[in-house]
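Presented below is the structure to which this report refers.
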Amino acid sequence: MDITLLSIVLVVVLFGFLLSGLWVGFSLIAVALVAMELTRPGLAGMVFATKVWGSLNIWDLTALPMFIWMGEILFRSRLSSDMFRGLSPFTRRLPGGLLHANILGCALFAAVSGSSAATTATVGRMSLPELKARGYDDRMAIGTLAGAGTFGFLIPPSIILIVYGAATEQSIARLFLAGVMPGLMLAAMFAGYVMLWALLNPNRMPAPEPKPDWRERFAAIGALAPTVALIVAVIGSIYAGVASPTEAAVIGVLGALVISALSGGLTRGSAWAALKGGAMTSCMIAFILAGASFLTVAMGYTGIPRFLASWIGAQGYSPFALLSVLLLFFIVMGFFLDGISIVVLTTSVILPMIMAAGIDPIWFGIFLVLVVEMSQITPPVGFNLFVLQSITGRGIFEIARMALPFFLILVIATAILALFPEIALWLPNTMLNR
């Protein structure tokens with residue numbers, strides 16, 4: 001079959017299955033089966049069995065369920081209320097006031113969770129009622145939370161970085177370290193926008209709150225101490241080279257259990273719910289990875305990735321032009337698919353192009369995650385929008401309008417990362433090449 005016609009058939013089959021409501025994992029397997037039968041009839045069964053086992057029999061993937069479990073434990077603890085109480089004295093006198101607690105709270109929880117939806121839900125349950133009671137503008141309160149909730153994808157330990165590392169056979173430790181500086185940069189950009197908005201719209205801000213005394217500040221530091229200690233234990237152990245991501249994940253689970261027990265949030269019911277939630281999410285992601293690995297091999301048999309890579313090379317696109325095209329492509333994909341699905345669906349086709357263009361795959365992983373973050377706040381399939389809809393009762397498109405400035409900031413951050421790739425590469429190159 002002509003490769004162009006084959007590509008069209010496979011795209012139609014994929015979106016046909018997805019639009020029918022079939023699970024993403026099943027859809028990937030179905031497309032791979034069609035591709036195999038059209039190109040190499042009779043090999044599908046053997047390839048499926050060997051490749052699926054090989055894709056899941058990877059030691060680094062054991063970090064995935066542990067980090068998911070850690071996030072589930074903390075989701076059911078009092079961590080969000082402690083973080084808000086701890087951040088309040090240090091942010092309420094800044095331009096923008098407690099809106100910064102949304103941004104910093106999401107950044108802190110992302111550093112111990114790895115999930116964008118969990119970050120948004122955990123911080124939002126505590127911060128939105130508090131901000132509303134103190135007279136903050138609803139649009140900015142919800143918008144900052146929608147935007148900052150995406151930090152769960154970028155700031156390590158990130159579940160989606162583990163998925164990308166497994167799908168592309170890249171070092172998860174290097175990906176984690178590469179996500180630190182872009183995550184801090186993005187948080188600073190969000191905070192800068194909030195300060196500018198507050199200075200330009202003083203009539204939409206509540207009256208300034210009293211300056212905190214030293215006693216209140218010390219109490220706030222005590223409230224933040226467990227979160228900071230857990231971040232240092234998890235990320236610091238990887239940064240120092242004393243623990244692999246899997247070992248750091250185990251440390252994180254133990255720390256989460258201790259924090260939850262000390263805060264009074266650990267009961268038999270919450271422990272079982274956290275374990276069940278972690279197992280269900282882990283199985284869902286593992287199934288998607290299995291389907292994606294089969295699809296990757298099937299795509300190799302079709303020759304589509306090689307054809308696209310050679311075609312891109314023949315066009316003479318510069319790396320910036322290629323990234324611009326991919327940016328638009330991923331934004332459109334984000335209208336219809338969640339982040340993990342976008343990563344596993346596209347890496348088998350996109351990565352050969354990236355390698356042919358001389359782009360670092362570690363850097364591209366961070367670029368991809370930044371773009372995927374946009375999909376969390378774009379309708380109709382934006383998971384952060386769904387979470388905030390359940391918390392606030394507002395419509396998805398209304399919340400998307402509130403999050404629009406932060407979507408644009410994400411686009412700007414992506415451009416900055418493309419212009420200055422060392423923002424992502426400096427830390428892994430410095431720490432892991434010693």
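The values are calculated or read from the model by the stated rules, or taken from the named source; none is laboratory data. Predicted, not measured: the structure shown is a model, and the values here were computed from it. Counting neighbours? That spans all protein chains shown, and the Cβs are built from the backbone with ideal geometry, glycine included. Heavy atoms of the whole protein, side chains included, go into the accessibility calculation; ligands, DNA and RNA do not. Shrake-Rupley method; radii C 1.70, N 1.55, O 1.52, S 1.80 Å.
Data for the structure
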| quantity | calculated |
| --- | --- |
| Solvent-accessible surface ranking, highest first, for 164, 317 at 1.4 angstrom | 317, 164 |
| Rounded to 10°, Cα long-axis angle of helix 138-148 versus longest principal axis of the chain | 50 |
| Residue 3 accessible area, assembled protein chains, probe 1.4 Å, Å² | 40 |
| Candidate residues 333, 374, 126: accessible-area rank, largest first, probe 1.4 Å | 126, 333, 374 |
| C-alpha long axis of helix 245-262 to longest principal axis of the chain, angle in ° | 30 |
| Part-to-part distance (alpha-carbon centres) for region 1-76 and region 98-158, which is given in Å | 32 |
| Candidates 378, 50, 120, ranked by Gaussian network fluctuation over the chain, Cα under 10 Å, top entry | 50 |
| Electrostatic dipole magnitude of region 31-161 [Cβ: Lys, Arg +1; Asp, Glu -1; Cα centre; debye, to 20] | 360 |
| Estimated [θ] at 222 nm from DSSP helical runs (n ≥ 4, -39500 (n - 2.57)) normalised by residues in the chain, nearest 500 | -26000 deg cm²/dmol |
| Gaussian network model of the chain, Cα within-10 Å springs - most flexible of 266, 28, 38 | 38 |
| Reachable aspartates and glutamates, given that their alpha-carbon falls under 18 Å from the alpha-carbon of residue 132 and they are not under 8 places away in the same chain | 209, 398 |
| Furthest towards positive pole of dipole, 158, 183, 202, structure part region 101-204, Cβ charges | 202 |
| Heavy atoms of residue 51 accessible to a 1.4 Å probe, total area in Å² rounded to 10 | 70 |
| Highest-MSF residue in the chain out of 215, 134, 125 [GNM, Cα springs under 10 Å] | 215 |
| Backbone HN-Hα couplings from phi across region 82-88 [Karplus 6.51/-1.76/1.60, Hz, Gly and Pro as x] | 5, 5, 5, 5, x, 7, 3 |
| Heavy-atom accessible area order for 283, 106, largest first, 1.4 Å probe | 283, 106 |
